[in-house]
1. Give me, ordered by chain and number, the residues 5 or more places off Ile2 or on other chains with an amide H under 5 Å from its own placed amide H.
2. Hey, could you grab the Kirkwood Rh for the range 205-254? Inverse mean 1/r over distinct alpha carbon pairs, Å, one decimal.
3. Over 22 Å between Cα atoms, which of Lys75/Lys147; Lys52/Lys244; Lys187/Lys244; Lys196/Lys227; Lys130/Lys254; Lys44/Lys245 qualify?
4. Compute the accessible area per residue over the range 50-130, keeping the other protein chains in place, probe 1.4 Å, unit Å².
5. Where only protein heavy atoms count, and the probe is 1.4 Å, what is the accessible area per residue for the range 175-275 in Å²?
6. Tell me, what % of the accessible area of the range 225-276 is carbon and sulfur with a 1.4 angstrom probe?
7. Which number comes out as Rg/Rh for the range 1-51 once both Rg and the Kirkwood Rh are worked out on C-alpha atoms?
8. Using a cut-off of 9 Å between beta-carbons, work out the net charge of the residues near Phe24 (Lys and Arg +1, Asp and Glu -1, Phe24 not included).
Amino acid sequence: MILFTDSGSDLPKKFFDEHDVVLFPLRVHLNNQEYPDIIGVDLKEFYDEMRKGAAPKTSQVSPEDFYNTFEKYAKEGEEGIYISFSSQLSGTYNTAVMIAEQLREKYPDFKLNMIDTKCASLGQGLVVKKAVELRDAGVPFDELAEKVENYANHMQHIFTVENLDYLARGGRISKSSAFFGGLMSIKPILHVEDGKLIPLEKVRGRKKALARMVEMMAERGGDFSNKIVGISHGDDLETVEELKKLIEAKLHPKGFDVTMVGAVIGSHSGPGTLAIFFTDQDYKE
């Protein structure tokens, strides 16, 4: 069984090498150059360029990349599961579905399950990790797909950004909101609902935003003693450490999984983004 995902998952390059997961990188366009996300971008340099004023653009996985890769495994008689970035945030999932349908005409026996996780960043990454864990435990194809979909449906995302201008540039908030929010040190707290970015609250100042995010975790996540909490950040490890201490003191999770926000998502959220991911209190294995 082959597991596929895309770079919306924000997992580090070595993860894909070590766990035999096929990666489809989305593309980032920075300073007149195009790079494949995760494998072709130094993230510290990327965020430094953004701090200097660079305005990266992004594009989805090409149909050719999907076709060539899926066909390779179809020819080999493999079966696969593609764990995708939210279809509400990128056209990548819909392109993959279209290509899979084309391939089935040529390879009618090719078993390829497409999962729209409705997740992003390490929320999607944790779903991929769950799929790897189940595959390595020998869980059969159909059961694995069902369990992965269930896990994705219970994934919570809570995040804040350092600078509202990047969300304004991507059309997520109005430019005037960004301007006045910046003047007043307003930090929005957002989440992902049915795959879309939804603003939840506006909080004055970074420290208050972090404290409120941890309160929201407690409200949504229930007992954390057996949960791994994912944290992704836009090149701000110092604040990650501060956030981990707050979460540890209040919720005592089993552990943390920390990664940097990749270039494609980071292009829209900017340096200093902080996001927390965990399963909700209704999740059952």
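1. HN-HN under 5 Å from Ile2: Glu79, Gly80, Ile81.
2. Averaging 1/r across every pair of different Cα atoms and inverting gives 11.3 Å.
3. Numbers: Lys75/Lys147 27 Å; Lys52/Lys244 29 Å; Lys187/Lys244 19 Å; Lys196/Lys227 24 Å; Lys130/Lys254 16 Å; Lys44/Lys245 24 Å.
Among Lys75/Lys147; Lys52/Lys244; Lys187/Lys244; Lys196/Lys227; Lys130/Lys254; Lys44/Lys245, the Cα-Cα distance tops 22 Å for Lys75/Lys147; Lys52/Lys244; Lys196/Lys227; Lys44/Lys245.
4. On the way: 3540 Å² over 81 residues.
Per-residue accessible area for the range 50-130 comes out at 44 Å².
5. Numbers: 4730 Å² over 101 residues.
Computed with neighbouring chains in place, this is 47 Å² per residue.
6. Details: 1050 of 1990 Å².
For the range 225-276, the apolar C and S fraction of the accessible surface comes to 53 percent.
7. Details: Rg = 12.2 Å, Rh = 11.8 Å.
My calculation puts Rg/Rh at 1.03.
8. Numbers: positive: none; negative: Asp6, Asp65.
Here the charged neighbours net out to -2.
The values are calculated or read from the model by the stated rules, or taken from the named source; none is laboratory data. Note that the coordinates shown come from a computational prediction; the quantities given were computed from them, not determined experimentally. Every residue, glycine among them, receives a Cβ derived from its backbone with ideal geometry; neighbour counts consider all protein chains shown. Surface accessibility is based on the protein's heavy atoms, side chains included, excluding ligands, DNA and RNA. Shrake-Rupley method; radii C 1.70, N 1.55, O 1.52, S 1.80 Å.
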